[in-house]
Amino acid sequence: MQTENQFNFTLLHRISAGIVFVFSSIIFLMTVAPTLSFWDCGEFITSAVTLGIPHPPGAPFFQLVGRFFSLLPVGDDLGYRVNLISTFSSSLTVLFVYLSSMRLFRMWQGEPKEMMQGLVMIIAAAAGALTLSFSDTFWFNAGEAEVYGIGMFFISIVVWLALEWYAKVGVLKRERTLLLIAYLMGLSIGVHLLSLLALFFVFVLVYFRDRDDKNITPKTIGIFAAAAAIGFAVIYPGIVKYIPQLLSTSVGRIVLLLVIGGAIFIVAYKMLHVQFRMAILATLLIVLGYSTYSLVIIRSNQDPALNENDPSTFPALYSYLNRDQYGSYPLLRGYNFNDATGRIDFNANDLFPRRWNPDNTSAYANYDSDLEYFMSFQLGHIYYRYFMWNFVGRAGDRQDAPWVLFDVPDTSPDAVAAMEEPEERWAESLGYPNRYYAIPLILGLLGLYYHFRRDRKTWIATALLFFMTGVGLVIYFNMAEPQVRERDYFFVGSFYVFAMWVGIGIYAAADYARKALKENQAAAVGVTALLLLLVPGNMLFTNYQTHNRHYNYVAFDYAYNLLQSCDQDAILFTGGDNDTFPLWYLQYVAGVRRDIRLVNLSLLNTPWYAKQLIEEQPYGAKTVGLGLSAMEIENLRPQPWETNTYTVNIDPNKFFWSSLEGMDYAESLIDRDSLPSKIQWTIEPTFTDPAGNRGIRNQDILIIRIIENNFGDRPIYFALSTSPNDRIGLDEYLVVEGLAYRLTPVKFPFRGDRYYANVNIPETMKYVMNSASKPDSNRAKGFMFRELNNPKVLLDEASARMVMSYRFLFIGLGQVMQQEGYSDREVQEVLERMEYLMPKELHDIDMTLKTDLVTSVYAEIGYTEGVKKYADELEAFYLKIIETDLAGRNAPRSPFHVLLTIYEALGEYDKGLNVLNRFKQAYPNDPGVQQRLQQWNAQFGKTESSASQQELPVQ
C-alpha cells in the first residue's frame, strides 16, 4: 500500500509540476510583447536574427537560441518570436522553483504517507513558484527579448540540479551531475555573467555533502572558502577574460594549447586524485560552454551590419569582454568625492568609495559620507525599494516610484506632481498602484526562519545566493545617482530566492496550523490553498493589467515613424538607446528604410564606430563622409574649446535641392538662384573636465565633419529626442519634419512662445494626419499609431513617454499652425486627431502639456469642447496651487493666466473676476493686474462690487 501511495504522489507531483509550467506559460504568452520593446531589446533581437555583435560583453548563446526561435513559424513578427525565449525560459524557471521547493520539503519530511500531506507540499511549492511568476520584475522580464529571463533559467536549473545531487536522488546523485552544472555555467557566460553567482550555492552544498558536523570546523571552512574563491576566480576573470588575452599572441596560443592538452591527458589517463580530475574536467566543460564566444569573433570578421566594437581580432575581443568602452570605476579602494572641494579627487585612495562618478557631484553633496550614500541610495533607494516593489507593492511606473503598503506615500517626482492626488503622482499608466499588503513579505520572512530551523546547511547555501544576487550586486555595481532608468532587473536572482522562501513560509504556516489543530491535515491543506489565493492569486490579479504588453507596438511604430520622417539616403543623428536600438531592428530585421544611415551620437565618440561610417555600407546604405582617414579617426581626441562661431560653406551648384521641398515658408526666404553661401552658428563648449578645462567631444567634432562633407549632397536630420547639447548650437537652422529636425541652409528666428521654433507644416501634416496600416520598406508618408486608442492597451514607462512625445508633436504643430495663419478648423482637426489616436482616458498628459494644449491652442482657436475636456482638472489643479502659493512659483504655468484663459473661453466671467480681485488684494500695486481687471470689467460689464460678492470655488 505504501508503494502505491508513493506512486500516486509521484504522479500527482509530476502533474502539478506540469500545471505550474503550463499555467505560467499561458499567462506569459497572453502578456508577451507582440514585437520589440524599448531599451536593449531591439539590439538583442537584431543581433540574434542577423547574428550581429551587440554591446559588450555580448551574449552569443542568447543569439544562437534567438536565431533558432526566429526561424519558428509562429507569428509574423521576428521580434515576437525572439521574445518567446524569455517567455519559455521564465516558465522553466518557475518550474524549477517548484521542483527545488519540493526537493527541500521531501528532504525534511520524506515521502508523504497521506494524500493530504502531499497536497500541502505541492500547493506550497506551487505557491512559491507562482509568486515568482507573477512578481513585478520577473514578469516584466518574461515579456521581452532580454537576457535576464534565460539567465534566471540557468540559475534555477543549477540550483535544482545541485539540490538533487545533494539529496542523492536517482541518477542525479552521481558526480557527473556536477559536470553537467559546470557545462551549464559555461553556457550561461554566453548569456549574462550574473548567472555565475549560482556557483556559490553549489560550492556550499559541495562542502556540506557527506560531511559530519564534527568535521565542520573553522579550518575546513577556511580551506574550502579559499578553494571556492580560487575556483570562481579561475572562471571569472580567469577563463572569461584571459583566454582571449592568451589567444592574442602566438606564445599565448601555444601555452593555452599545452594547458588544455595537458588537462585532457590527465583526465583521459586518470592521473592525479579523482577530485582533482573532476575539477579539471569541470573546468574543461566550462571552457567548452564558454566557446560560444567564438561566434563573436567569427561573425565580427564577416562585417555584419550590427558590429559593435568590431571584435574581429583577439586583442579587440579581450577589450570587448573587458567592457573597455565603458571605462572602469573603483570598487573597494580608489578615487572619490571630496566633501571639502565638492569635486572628485582623482588622487584619493579612499576605502569603499561610493561617490566616484564625476558626472554626479551635485547629487553627492546631499550625503555626509560614502556610508550614508551607500545605505540611503544604493542599498535603500535602489535595492530595498525594488525588493519591496516585488513583495509589498508598487506605487507606479514613473522613475523613482516608491513602494506602497496601503496608501501611496506623500512624495512626488517633482513640484508639479505634488499638486496631484497621491495615487496619480507616480503612475504614467493605468493599473497602479499595485498592492500585495506585505503578505508575500511576511511569508517570505517566515520561510527564511523556518528554512533556517529545519536545515541550516541548505539555508546557508540559499542565503548566500540571496546575498550575492542582492546586496552583493549593490556593492559590485556601485551605482551613481541618478540612473537613466530603473535597474530592478539586475536583482531578480534575489527575488527568485525570496519567492522560494515565500513557498516555504506557506508550508511553514500549514505545518504550524496542523500542529495547533491536533494534526488536522485538512486544515493544513486549507491554509495552503487560502495562501495560494492571497499571494500569487492576488499578484496575478493585481499585476495583470500593468504587465500585459499584448497591444504594445509603440517601440516598433516610433522607430518606423522616425525613419519615415527622413528623406531618401538621409543621415540621421540619434541620441540614446531608445531612438537607436529600435531603428536598428526596423532596418536590419524588418527591412524598413535601409537607405538611411544612422549615426548614434554616443557611439560616435568611439573610433571603431566612426571608421565603420566611412568604410561600410550596411544593406547598401551609403557611407558617411568625414574627410578623415582611419588613422586620423583613431588619433582623434576631444579638443579645448571656448564659445565661438563656426562656418560651413555651401556650393549652390552641388546642393541637394530636395532639402527645401515642401517648406512653403522657405520659398519666400530663399531665391533658388541665390542660395546662402554658408551656414554660420555659435558652438558652446559641451563638457568641462574635473580641472575646469572646457572643450568639445569627439562626437561634436565629427558632427561638424559630417555637415562639412555631406550637407550639400544628402539630407541631414537630428531626432527630436536629441538634447540641445548634442545639436551643438544648430537649432536656428533646424526645421521639424515629423519626428526629426531637418538641417536647412536657412537661418530662422528663435521663437520662445511655442514648442518648436520652425515646423515644415505641410510635410509634418502628411505624417500625422495619415496612418499606415502596415510598415512600408520604402519612403512613405503616414505614421503608425497602432492600438494606442485600444482600451486594453497598457504601456510601460518608456512607451508612455514616447506617446507623450507624440502629443508634444501634435500640440507643437497646432501652436505653429495657429500662429502661422492656418484656419481654426485646420488646427482643430489636428488636435482632434491627437485625441482620437491617443485618448486622454487611456494616456494621461502631464499638467504642463494639458495647460499648453488648452491655453495656447484650444482657447486661441475658440475650440470650446476641447477646453471643456480639461477645464475641471486644470481649474482644480491651479486653484489648489493659489491656495498655498498665489504667485504659483511651483506651477508649470502662471495660475493667473491659465485660470483667466479657461474662464474666458467658457464664458465663466464671474469666476474670472473673482480671481482678478483675489490677485488685486494680494498685489494692489501691480499694474498688470489692475489693467486686466479694468479690461474684464469693461468687456463683460461687471463692477468690482458685484464681482467681489462671488465666491471662488476651492477644491
(request) Arrange ILE701, ILE286, ILE254, ILE297 by Cβ neighbour counts within 10 Å, fewest through most, would you? (result) ILE254, ILE297, ILE701, ILE286
(request) May I ask for the Kirkwood hydrodynamic radius of segment 873-948, worked out over all distinct Cα pairs and given in angstroms to one decimal? (result) 12.5
(message) With a cut-off of 8 Å between alpha carbons and a minimum separation of six or more residues, what is the relative contact order of the chain in percent?
(response) 12
(request) Output the Cα-based Rg and Dmax of segment 260-336 in Å, rounding Rg to one decimal and Dmax to a whole number. (result) 18.3, 53
(request) For n ≥ 4 DSSP H runs only, could you compute -39500 (n - 2.57) per run for the chain, divide by its residues and tell me the 222 nm figure to the nearest 500? (result) -16000 deg cm²/dmol
(request) Please work out, to two decimal places, the log10 of the ratio I(q)/I(0) at q = 0.06, 0.07, 0.08, 0.09 Å⁻¹ from a Debye calculation in which every Cα of the chain carries one identical scatterer. (result) -0.51, -0.69, -0.89, -1.10
(request) For segment 36-167, evaluate the Debye formula with one uniform point scatterer on each Cα (no solvent term) and list log10 I(q)/I(0) at q = 0.16 Å⁻¹, rounded to two decimals. (result) -0.81
(message) Under a Cβ-only charge scheme (Lys and Arg +1, Asp and Glu -1), can you give me the dipole magnitude of segment 554-845 about the Cα centre, in debye to the nearest 20?
(response) 380
(message) Per-residue counts of other Cβ atoms within 10 Å, averaged by peptide: what ranking do you get for 541-552, 44-55, 319-330, 173-184, highest first?
(response) 44-55, 541-552, 173-184, 319-330
(request) Before anything else, pin down the relative contact order of segment 554-845: Cα pairs under 8 Å, at least 6 apart, normalised by residue count, whole percent. (result) 21
(message) List the pairs from LYS173/LYS518; LYS214/LYS518; LYS622/LYS678; LYS678/LYS781; LYS622/LYS781 whose alpha-carbon separation is above 27 Å, in the order I gave them.
(response) LYS173/LYS518; LYS214/LYS518; LYS678/LYS781
(request) Going by C-beta contacts inside 10 Å, put THR848, THR528, THR722 in order with the fewest on the left. (result) THR848, THR722, THR528
(request) Using 0.36 nm per residue of separation minus the Cα-Cα distance, give me the extension gain between LYS270 and ALA233 in nm, one decimal. (result) 10.8 nm
(request) For each of PHE783, PHE467, count neighbouring Cβ atoms within 10 Å of the residue's Cβ, then give the residues from fewest to most. (result) PHE467, PHE783
(message) Could you give me D for segment 524-660, from Stokes-Einstein at 25 °C and 0.890 mPa s, where the hydrodynamic radius is the Kirkwood radius over C-alpha pairs? Units µm² s⁻¹, please.
(response) 126
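Laboratory data are not the source of any read-out in this text; all were calculated from the coordinates shown. The shown structure was predicted, so the numbers you read here are calculated from the model rather than taken from an experiment. Neighbour counts are summed over all protein chains in view; Cβ atoms, including those assigned to glycine, are modelled from backbone coordinates with ideal geometry.
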